[in-house]
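The next block holds one structure in the form of structure tokens; read it before the comments.
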Amino acid sequence: MRELYLTGGEPFLLPDIDVIVRACVDRLPTTLLTNGMLFRGHGLRKLQAMPRQGFALQISVDSPTPEVHDSHRGVGSWKRALAGIRVALDEGFTVRVAATISAHDDPALDQLHALFDGLGIPRADQVIRPIALQGVAEEGVAFTRESLIPEVTVTADGIYWHPVAALDENALVSRQILPLAPALDRVSELFTQQWSSATSATSMFACA
């Protein structure tokens, strides 16, 4: 394990999220996935208490203008997400932005890059990925465990190969969450087998 990702729900709803973040950063580089909309009052104080080194905030912005983003995430959420990005940058944090679009030839792609460039987000921290055919999605890219580079995901139901497939029984590694070591060893074993027979069809789906 080389890095940690903290996700939710919305992690800033946890009263001790700053303590959790510091404990994680003390062990491994950590990225916190957040909607960026709670950086005020108590939420801002929790943000300010977090470390700047070895830590990044990842905030989703799914379109270069509000309409598409707000249709997915609620009216006004696009504006609040951009405001959160600006607050985090002003506070000295590394900010990654993540967008989910219909395809890599989506005409919104260039506009998204222009928006993120204008915010001062380096291209290396602009994570743009296609819609996955999972959950309630009616269209998108179909992935299997074998076509995904593992991003080990822990949920209340068990340990999964990748967050995109965290509802897929075929991607379930173990129902036993603790200790983590046996499941991580199993992922390593399976991935070694998978990589040895990988073809050009293997996809690197960047969830985070």
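A few comments on the model shown:
- Once all protein chains are placed together, Ile17 keeps about 0 Å² accessible to a 1.4 angstrom probe.
- Relative contact order for segment 48-103, counting Cα pairs under 8 Å that sit 6 or more residues apart, in percent: 49 percent
- Accessible area expressed per residue, segment 1-53, with surrounding protein chains retained (probe 1.4 Å, Å²): 59 Å²
- Debye log10 I(q)/I(0) for segment 76-126, one point scatterer per Cα, at q = 0.28 Å⁻¹: -1.21
- With θ taken as phi - 60° and the Karplus curve 6.51 cos²θ - 1.76 cosθ + 1.60 applied, the whole-hertz 3J(HN,Hα) list for segment 8-24 is x, x, 9, x, 6, 7, 6, x, 10, 4, 5, 5, 4, 4, 4, 4, 5 Hz, x standing for glycine and proline.
- Length-normalised contact order for segment 1-132 - Cα pairs under 8 Å, 6+ apart - percent: 21 percent
- Gyration tensor (alpha-carbon) shape descriptor, segment 1-104, a/c threshold 1.5: prolate
- Proximity of backbone amide H atoms, modeled 1.01 Å from N, is registered between Ile101 and Arg129, Ile131 at under 5 Å, excluding neighbours fewer than 5 places apart on the same chain.
- Ranking Met50, Met37 by solvent-accessible area of protein heavy atoms (1.4 Å probe, all protein chains present), from largest to smallest, gives Met37, Met50.
- Candidates per trypsin sites (Lys or Arg not before Pro) in segment 46-95, loop by DSSP, up to 11 other Cβ within 10 Å: Arg52
The values are calculated or read from the model by the stated rules, or taken from the named source; none is laboratory data. Keep in mind the model is a prediction, meaning the values are calculated, not measured. FYI the Cβ positions are ideal-geometry reconstructions off the backbone, even for glycines, and counts take in every protein chain you see. Remember, those area values only see protein heavy atoms, side chains included, never the ligands or the DNA or RNA. Shrake-Rupley method; radii C 1.70, N 1.55, O 1.52, S 1.80 Å.
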